[in-house]
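The values are calculated or read from the model by the stated rules, or taken from the named source; none is laboratory data. These numbers come from a predicted model, not from an experiment. Neighbour counts are summed over all protein chains in view; Cβ atoms, including those assigned to glycine, are modelled from backbone coordinates with ideal geometry. All accessible areas refer to the heavy atoms of the entire protein, side chains included, with ligands and DNA or RNA removed. Shrake-Rupley method; radii C 1.70, N 1.55, O 1.52, S 1.80 Å.
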Amino acid sequence: TDVSALVLVFPADDVYDVLPLFWVPQEGARRREMRDRVPYGQWIREGFMDACPGEVIDYDRIRARINELHEQFEIKQIAIDRWNATQLATQLDSDGFEIISFGQGYASMSAPTKKLEELVLSECIRHAGNPVLRWMAGNVSIEQDAADNWKPSKGARNGKHTR
């Protein structure tokens, strides 16, 4: 029922171009737009989000899009969240993709989170001003444990920005 995302990353010299894609259940988007005052409808109309009919994400739709993108970009690997993605991971593996299982805890997230901060602060990430990615990034905070491991956190729901 939440937003699902796929971000393609294209390394180019010292810069990384990213192409984010987002899916959201149509009905959930309507409710969230009212509750959170976030312009899901506008993002859907402008092509920044794909609305899946009904109340839940259609993972077959995501799988089909990934296979289309592979024809255009020759996708090398897909890192996929282990949580609730077993079926999609299995299907993509059978489609011939190399699947990298990726957790959302400190063990998996700390080094990439620190690297992402470095790249963002060095202005080495290009995303063409994608409004969904900008909104999401503006709502991320960092959780830190006693060993100085980091991971992104969505933070408090009621503290989300509207843009």
Members of the stretch 49-72 found to be open to solvent by less than 70 Å² (accessible area, probe 1.4 Å) and outside any helix (DSSP H, G or I), listed by number: Met49, Asp50, Ala51, Cys52, Gly54, Ile57, Asp58
Only listed residue being free of Cβ contacts under 8 Å to residues at least 60 places away in the same chain and in a strand (DSSP E or B), chosen from Ile99, Ile44: Ile99
Matching residues, the stretch 111-124, being closer than 19 Å to Ile78 by Cα and in contact with a strand residue (DSSP E or B) (Cβ under 7 Å, 6 or more places away or on another chain): Thr113
Only one of Asn139, Asn84 that is at pLDDT below 95, exposed (fewer than 13 other Cβ atoms within 10 Å of the Cβ) and out of contact with any helix residue (DSSP H, G or I) (no Cβ under 6 Å at 6 or more places or on another chain): Asn84
Residue within the stretch 25-33 that is of a type in the set (S, T, N, Q) and either more than 19 Å from Leu133 (Cα to Cα) or in contact with a Leu (Cβ under 7 Å, 6 or more places away or on another chain) (or both) present: no
Checklist (1) farther than 30 Å from Asn149 by Cα; (2) outside any helix (DSSP H, G or I); (3) not basic (Lys, Arg) applied to Asn84, failing item: (1)
Boolean, Asp93 is surrounded by 13 or more Cβ atoms within 10 Å (Cβ to Cβ) and more than 14 Å from Pro152 (Cβ to Cβ): yes
Residues of the stretch 109-130 classified as open to solvent by less than 30 Å² (accessible area, probe 1.4 Å) and assigned to a helix (DSSP H, G or I), total: 4
Residues located in the stretch 3-33, provided they are surrounded by 15 or more Cβ atoms within 10 Å (Cβ to Cβ), out of contact with any helix residue (DSSP H, G or I) (no Cβ under 9 Å at 6 or more places or on another chain) and of a type in the set (Asp, Glu): Glu27
